[in-house]
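Take a look at the structure below.
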Amino acid sequence: MIGSIPTLAAVLHDETILVTGGAGFVGSSVLLRLLQSLSPKRVVALVRGVDPISRLHPSLKLLTAAGTAGLSSARLVVLPGDVSQVGFGLNKEYTKTLDDLRPTIVLHCAADIKFTRPLAEAFSANTRMAYVMAEYSARTPSVVTHVHVSTCYDTYVLPDGETAAEELHFSNNVPLVEHANTYAQSKAAAEGIVDSFARVGTTVSWSVIRLSTITPAFQSPSPVWGAASLSSPICSVLAAEVLPASSYNTAMFLDCVPVDLCANQILGLLAVAHRGERHSISRPSGWTVPVYHVASTDIVLGPSLWNLPHVKIDRPYVSVTVMEHTYRAILSKAIYFDSTRTRAVLGMPALVGRSSSLDQVVSMDGFDVSVAVGFQRFGGEDKYLCTMRDAMNEAIAKKAKARQAAKAAVAQKEVLAKI
């Protein structure tokens, strides 16, 4: 407790938190922060696959129990769940395990983030997962808080130069040409599903957290972690050929938040939601689910920096044509993501000219959340991109060496077979 404001650690202490998407870029960082820096009673991760633990970050594997093994001591319980299926596709044993754990908080991070999927496939994945998770929270008595992670880019239906407010836009019926991509359109629809559940009479506290461009880490678990796996659009632009000026709006930019700071803000907003007002009756007319933006807002990276030849990898392999196709809408305009509400409830400094009537809800004592301060500590945006470039070059070289070794092993095996 800092004065009368509880700390993030205090709010989440001794809670049982169900997390989806724990094998992904953002989900992995959230799980690491939860288990290494906080003290929840237990974290339950639903991860797809017959061997879900193998998909986790190496540091997480030491903290896990699969299914019913070692539940008395494990802080992280991993269940082979598919969140696109009602009941998560769990067998009776795993279902009982989940029921017995009695999650109090649901954090839904899982998503299909491929930008170019056909619209029907994107909706089938992202809106279905949103429904399954919201339905689980609504019918599970132990759950008191449900947080849905979305994307700021579902606001790209706005005109060039506009500022996207921290509110629902209900843009599901807008033609695809006005959306950033099918992923963003499906996530806009998913927000509507969460809002629909939030509007009916439940005692659950519901929130939506939108993320801007999430980039490799500043520090945790290591500098530029995530670059090696090309986990962010910023990695795509560094792997791309230099774009001609005709390919982009010179005012466009990427609003970047490194994944470790993103995880800190997500957990802070999760604690805000957990302290939030709970209703036992339908919400008043005009009410919508609270929306928060995890966005840097004041620190953005434009093509004047990320399109420079010296920050590109040694052998760019993403063509101009692919970039123009995949990121067409994002390259064509600049949309600013307002983060006034988020900054207020987390006690972050307000942006110049913007203020909020909201009070701080949670103290982020000990958890870095400022992107501007993070860039200063790193040595600036250019150094950050160049460090990312070097990590990508190293990863590409390792993969090439591994392929060569595998090819040599096959060739040797063929030779020995002929002897």
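The values are calculated or read from the model by the stated rules, or taken from the named source; none is laboratory data. Bear in mind that the values here come from a model prediction, so they are computed numbers and not experimental data. Virtual Cβ from ideal backbone geometry, glycine too; neighbours counted across all protein chains shown. The accessibility values were calculated without ligands, DNA or RNA, using every heavy atom of the protein model including side chains. Shrake-Rupley method; radii C 1.70, N 1.55, O 1.52, S 1.80 Å.
The helix-only estimate of mean residue ellipticity at 222 nm for the chain, built from DSSP H runs of length n ≥ 4 each weighted as -39500 (n - 2.57), is -12000 deg cm²/dmol after division by the residue total.
At full extension, Ala251 and Leu351 could sit 34.0 nm farther apart than now, given 0.36 nm per residue minus the alpha carbon distance. Here the accessible area is traced with a 1.4 Å probe on the protein chains. For the range 301-415, carbon and sulfur cover 55 percent of it.
Paramagnetic label reach from Gln85 (point 7 Å along Cα→Cβ; backbone nitrogen cut-off under 16 Å): within the range 15-55, residues 46-52. By the rule of a C-alpha distance below 20 Å, with chain neighbours fewer than 8 residues away ignored, the lysines paired with Lys398 are Lys312, Lys407. Counting only residues at least eight positions apart within a chain, or on another chain, the lysines with an alpha carbon under 21 Å from that of Lys61 are Lys41. Cβ-Cβ distance of Val200 and Ser142, R₀ of 25 Å, FRET efficiency by 1/(1 + (r/R0)^6): the value works out to about 0.85. For Val289, the solvent-accessible surface with a 1.4 Å probe is about 0 Å², rounded to the nearest 10. Here's how it looks for Ala334: its modeled amide H is under 5 Å from those of Gly161, which are all 5 or more places away or on a different chain. Taking the accessible area of the range 136-259, probe 1.4 Å, and keeping the other protein chains in place, the carbon and sulfur fraction comes to 55%. Under 1.5 on a/c is rounded, so check that first for the range 336-419, then, if it is not, pick prolate when a/b is larger than b/c and oblate when it is not; a ≥ b ≥ c are the square roots of the alpha carbon gyration tensor eigenvalues. Here the range 336-419 falls in the prolate category. Averaged over residues, the count of other Cβ atoms within 10 Å places the peptides 260-272, 207-219, 337-349 in the sequence 260-272, 207-219, 337-349, highest first.
Tell me the per residue accessible area of the chain using a 1.4 Å probe; a whole number in Å² is fine. Present the calculation step by step, with values, prior to reporting the outcome.
Numbers: 18140 Å² over 419 residues.
Result: 43 Å² of accessible area for each residue.
Maximal additional length on extending the Leu331-Ser304 stretch stands at 8.4 nm, based on 0.36 nm per residue less the C-alpha distance.
When both the range 377-419 and the range 176-247 are represented by their alpha-carbon centers, they are found 28 Å apart.
Largest first, the residues Lys41, Lys333, Lys401 sort by 1.4 Å accessible area into Lys401, Lys41, Lys333.
Note on Gln412 and Glu93: the model spin-label points, each 7 Å out from Cα along the C-beta direction, lie 4.0 nm apart.
Each residue of the range 20-27 is assigned a 3J(HN,Hα), and the resulting list reads 9, x, x, 9, x, 4, 6, x Hz, derived from the Karplus form 6.51 cos²θ - 1.76 cosθ + 1.60 (θ = phi - 60°), x at Gly and Pro. For Rg and Dmax of the Cα atoms in Å, pick the label among (i) 22.2, 68; (ii) 23.7, 99; (iii) 21.8, 81 that corresponds to the value derived from the coordinates. Correct label, based on the coordinates given: (iii). With both labels modelled 7 Å from their Cα along Cα-to-Cβ, the Asp160 to Ile5 distance reads 4.0 nm. Among the aspartates and glutamates, select those whose C-alpha is under 16 Å from the C-alpha of Lys92, and discard any that sit fewer than 8 residues away in the same chain. Within reach: Asp82, Asp100.
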